[in-house]
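Input: a single structure, listed below in structure tokens.
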Amino acid sequence: MIAESLFEIVVKVIEGIGVCVVVVGFVIAAVLATRALRRGAGGTAAFQTLRTTIGGSILLGLEVFVAADIIHTLSAPSLEDAAVLGLIVIIRTILSMSIQIEIEGTLPWRRALLTSGGEIVAKEISRAASPAK
């Protein structure tokens with residue numbers, strides 16, 4: 001009984017972190033796009049920065065949500081919960097692949113290096129922080 005309530009609290013905290021990741025990612029994307037516009041990089045560069053950063057934060061948020069779903073399923077394992085988790089993981093995997101293809105313009109298995117959502121956001125932040133050329 002105590003373990004189940006502890007797992008529920010942990011799941012809620014992790015889900016909250018996932019929501020924060022997406023919201024903070026959106027705010028960072030808006031700031032980076034605004035900075036790109038102010039530097040005179042143009043609307044296309046600002047849009048690409050916004051799109052890439054939001055996509056990366058969504059990918060990172062999805063990874064956090066999957067972790068929360070796994071912990072939730074482990075807290076009260078049943079065949080029905082495992083089936084629901086499997087379906088959620090499949091849907092989120094397809095969604096993640098779609099977003100990654102949209103961001104990078106290539107299939108995930110054709111990339112030379114694997115890139116996670118966090119790496120995409122970090123790359124955009126470092127690119128925005130570097131001096132304009």
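About the Cα centre of the range 7-74, how large is the charge dipole given +1 on each Lys and Arg Cβ and -1 on each Asp and Glu Cβ? Please answer in debye to the nearest 20.
The calculated dipole for the range 7-74 is roughly 560 debye.
Keeping every protein chain present and rolling a 1.4 Å probe, give me the accessible area per residue for the chain in Å².
Per residue, the chain has an accessible area of 64 Å².
Each residue of the range 6-19 in turn: what ³J(HN,Hα) in whole Hz from Karplus with 6.51, -1.76, 1.60 and θ = phi - 60°, glycine and Pro shown as x?
Those phi angles translate into 5, 4, 4, 5, 4, 4, 4, 5, 5, 5, x, 4, x, 5 Hz.
With a cut-off of at most 15 other beta carbons within 10 Å, and DSSP calling the residue loop, which trypsin sites (Lys or Arg not before Pro) in the range 1-100 qualify? Please list them. Walk me through the numbers before you get to the answer.
Details: sites: K12, R35, R38, R39, R51, R92; in loops: R39.
Taking the range 1-100 and a limit of 15 other Cβ atoms within 10 Å, the loop trypsin sites (Lys or Arg not before Pro) found are R39.
Please express the shape of the chain as an equivalent ellipsoid: the semi-axes are the square roots of 5 times the eigenvalues of the C-alpha gyration tensor, given largest first in whole angstrom.
Value: 34, 17, 10 Å, ordered largest first.
Can you compute the modelled spin-label distance between C20 and S126, with each label point 7 Å from Cα toward Cβ, in nm?
Distance between the two pseudo-spin positions: 2.4 nm.
At 1.4 Å probe size, with the rest of the protein present, what percent of the exposed accessible area of the chain is carbon and sulfur atoms?
72
Using the reciprocal of the averaged 1/r over all distinct C-alpha pairs, how large is the Kirkwood radius of the range 34-81 in Å?
Radius from the Kirkwood sum: 13.3 Å.
Tell me the net charge near V11. Cut-off is 13 Å between Cβ atoms, V11 excluded, with +1 for each Lys or Arg and -1 for each Asp or Glu.
It works out to a net charge of -4.
Apply the Karplus parameterisation 6.51 cos²θ - 1.76 cosθ + 1.60, with θ equal to phi minus 60°, to every residue of the range 88-96 and state each ³J(HN,Hα) to the nearest whole Hz, in sequence, with x for glycine and proline.
These are the phi-based 3J(HN,Hα) values: 4, 5, 5, 4, 5, 5, 5, 5, 4 Hz.
The values are calculated or read from the model by the stated rules, or taken from the named source; none is laboratory data. Predicted model only: the values in this text are computed from it and were never measured. So basically every Cβ, Gly included, is an ideal-geometry build from the backbone, and we count neighbours across all protein chains shown. Note: areas computed on protein heavy atoms with side chains; ligands, DNA, RNA excluded. Shrake-Rupley method; radii C 1.70, N 1.55, O 1.52, S 1.80 Å.
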